[in-house]
Amino acid sequence: MPCWNSNQYEERIDRGVCKIEEKKAGNRNMDEMQRPIGVFDSGVGGISVLRELVALMPNENFIFYGDSKNAPYGTKTLEEVRKLTLADAEYLRSRNVKALVVACNTATSAAIHILREKYQKEIPVIGIEPALKPAVSVKENPRVLVMATPMTLRETKFHNLMQKFQDQAEIISLPCPGLVEFVERGELSGEALEHFLKNLFAPYQERKVDAVVLGCTHYPLLYEAISDIMEGKVTLIDSGFEAAKEMKSFLTREDRLSEADGKARFYVSDSVDGFEQLGGRFLDKDINGMIEKIDIEKYAL
Ligand code: DGL
């Protein structure tokens, strides 16, 4: 393939420099492919998306950022979440990522359009939203519960999504303020969580529910506890796999998949110790010594 337009190509062949240019371009592409994919969430929940990304693209390098100091996002104001989300993205951009995954439904609903406007020319930005499509297909006219943060369920993005599917199912919003905190504390079982979930689902125990959408990336980390409360009778659906698939098809289409031995690095805005234990447990991997604390305020716009 000519490395210049045809005239320049001929000229440069004459001068014998084209091969060198081609070689340089080749190296540049290798570097480009090995640039990490940036993934962020308000805290440890985004790990449920990261593990899908790693499973689907084991050769990619990843930088995960969890804004644990500012979690939860879902009960903050829209303005606050937009500001935090922009700082998260700015931090990852400063790490030279080749793509951005917003592993947070709340941040996606509050700010994906702002992030796309700001970064999409340079890097692809992929968000995440409650997986209604597979949920409404579990059977004909199912009853679907959508668990998410108050902000995700309140924002226009979700209302538009719900409208698309509401003739195929009864879709019920179930805001879950307080649930993210259990995950951030590492409290994935026990009496307090059981009590919380029982109260949350009490109105739906009698009305038969067919599917529960885990519309917050923290909730897949409570899969067992939620499944136990629903006595294993419903299908639990999360969106991490869909986001990972979308990222993989983008990189495949653009021929930008890495061929290296993939590595992940972790950054948090709060305690490294807490994240080390939880993140490691969710990834089923020892991540000790792979986490650093950063000062996210430096990236606020
Ligand atoms: N994990 C996030 C989500 O998917 C954010 C939860 C929160 O911080 O409230 O919505």
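The values are calculated or read from the model by the stated rules, or taken from the named source; none is laboratory data. What you see is a predicted model; the values in this text were computed from it and never measured. In this analysis, Cβ positions are derived from the backbone assuming ideal geometry, glycine residues included, and neighbour counts consider all displayed protein chains.
Yes or no, residue by residue, for (1) more than 24 Å from residue 217 (Cα to Cα); (2) outside any loop (DSSP other than H, G, I, E, B); (3) within 20 Å of the chain's Cα centre (by Cα):
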{"site": "252", "(1), (2), (3)": "yes, yes, yes"}
{"site": "259", "(1), (2), (3)": "yes, no, no"}
{"site": "265", "(1), (2), (3)": "no, yes, yes"}
{"site": "278", "(1), (2), (3)": "no, yes, yes"}
{"site": "286", "(1), (2), (3)": "no, no, no"}
{"site": "297", "(1), (2), (3)": "no, yes, no"}
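Take the residues in segment 28-43 that are of a type in the set (A, V, I, L, M) and part of a helix (DSSP H, G or I), then tell me which one is nearest to residue 281 (Cα to Cα). Before you say what the answer is, go through the steps one by one.
First pass over segment 28-43, keeping only residues of a type in the set (A, V, I, L, M): 30, 33, 37, 39.
Narrowing further to those that are part of a helix (DSSP H, G or I): 30, 33.
On the way: 30: 32, 33: 29 Å.
Here the residue is 33.
Pairs under 9 Å by beta carbon, first residue surrounded by fewer than 24 Cβ atoms within 10 Å (Cβ to Cβ) in segment 98-110, partner assigned to a helix (DSSP H, G or I), six or more apart or different chains?
Hits for this filter: 98/32; 98/33; 98/34; 98/251; 99/247; 99/250; 99/251.
Checking residue 224 against (1) within 30 Å of residue 61 (Cα to Cα); (2) within 11 Å of the ligand (Cβ to nearest atom), only one condition comes out false. Which one?
(2) is the only condition that residue 224 fails.
Can you find a residue that is of a type in the set (D, E, K, R), away from the ligand (no atom under 14 Å from the Cβ) and modelled with pLDDT under 95 anywhere in segment 2-11? Please lay out each step first, then the result.
Residues of segment 2-11 that are of a type in the set (D, E, K, R), as a first pass: 10-11.
Next, from what is left, pick out any that are away from the ligand (no atom under 14 Å from the Cβ): 10-11.
Subset that is modelled with pLDDT under 95: 10-11.
Yes; the residues of segment 2-11 include at least one that is of a type in the set (D, E, K, R), away from the ligand (no atom under 14 Å from the Cβ) and modelled with pLDDT under 95.
Residues in segment 201-227 that are closer than 28 Å to residue 280 by Cβ and either in contact with a helix residue (DSSP H, G or I) (Cβ under 8 Å, 6 or more places away or on another chain) or part of a loop (DSSP other than H, G, I, E, B) (or both): how many?
Narrowing segment 201-227 to residues closer than 28 Å to residue 280 by Cβ: 212-227.
Subsequent filtering for residues that are either in contact with a helix residue (DSSP H, G or I) (Cβ under 8 Å, 6 or more places away or on another chain) or part of a loop (DSSP other than H, G, I, E, B) (or both) retains 212-222, 225-226.
Final tally of qualifying residues: 13.
Residues that are part of a loop (DSSP other than H, G, I, E, B) and within 15 Å of the ligand (Cβ to nearest atom): does segment 44-60 have at least one? So that I can check it myself, show each step before the final result.
So the first thing to find is which residues in segment 44-60 are part of a loop (DSSP other than H, G, I, E, B), and the list is 57-60.
Filter again for within 15 Å of the ligand (Cβ to nearest atom), leaving none.
Among the residues of segment 44-60, not one is part of a loop (DSSP other than H, G, I, E, B) and within 15 Å of the ligand (Cβ to nearest atom), which makes the answer no.
Would you call residue 232 outside any helix (DSSP H, G or I), away from the ligand (no atom under 16 Å from the Cβ) and in contact (Cβ under 8 Å) with a residue 12 or more places away in the chain?
Numbers: outside any helix (DSSP H, G or I): yes; away from the ligand (no atom under 16 Å from the Cβ): yes; in contact (Cβ under 8 Å) with a residue 12 or more places away in the chain: no.
No; evaluated as a whole, the condition is false for this residue.
Of everything in segment 221-243, what is within 13 Å of the chain's Cα centre (by Cα), buried (at least 23 other Cβ atoms within 10 Å of the Cβ) and of a type in the set (A, V, I, L, M, F, W, C)? Give them in sequence order.
Once the filter is applied, which keeps residues that are within 13 Å of the chain's Cα centre (by Cα), buried (at least 23 other Cβ atoms within 10 Å of the Cβ) and of a type in the set (A, V, I, L, M, F, W, C), segment 221-243 yields only 243.
Are there any pairs with C-beta distances below 8 angstrom linking a residue in segment 168-180 that is within 13 Å of the ligand (Cβ to nearest atom) to a residue that is assigned to a strand (DSSP E or B) and among the aliphatic types (A, V, I, L, M), with the two at least 6 apart or on different chains, and if so which?
Filtered contacts from segment 168-180: 175/148; 176/147; 176/148; 179/147.
Is one or more of the residues making up segment 74-84 within 14 Å of the ligand (Cβ to nearest atom), closer than 18 Å to residue 240 by Cβ and not aromatic (Phe, Trp, Tyr)?
Within segment 74-84, one or more residues are within 14 Å of the ligand (Cβ to nearest atom), closer than 18 Å to residue 240 by Cβ and not aromatic (Phe, Trp, Tyr).
Restricting attention to segment 36-59, which residues are crowded, with 24+ Cβ neighbours inside 10 Å and in contact with a Gly (Cβ under 7 Å, 6 or more places away or on another chain)? Spell out how you get there, then give the answer.
At the first step, the residues of segment 36-59 found to be crowded, with 24+ Cβ neighbours inside 10 Å are 37-50, 53.
Correct list: 39, 40, 41, 43, 44, 46, 47, 48, 49.
In this structure, is residue 204 within 19 Å of residue 132 (Cα to Cα), away from the ligand (no atom under 16 Å from the Cβ) and aromatic (Phe, Trp, Tyr)? Break it down stepwise before answering.
Values: within 19 Å of residue 132 (Cα to Cα): yes; away from the ligand (no atom under 16 Å from the Cβ): yes; aromatic (Phe, Trp, Tyr): yes.
When the stated conditions are applied, residue 204 passes them.
Where residues in segment 111-132 are out of contact with any helix residue (DSSP H, G or I) (no Cβ under 6 Å at 6 or more places or on another chain), free of Cβ contacts under 8 Å to residues at least 60 places away in the same chain and not in a helix (DSSP H, G or I), which of them is farthest from residue 162 (Cα to Cα)?
122
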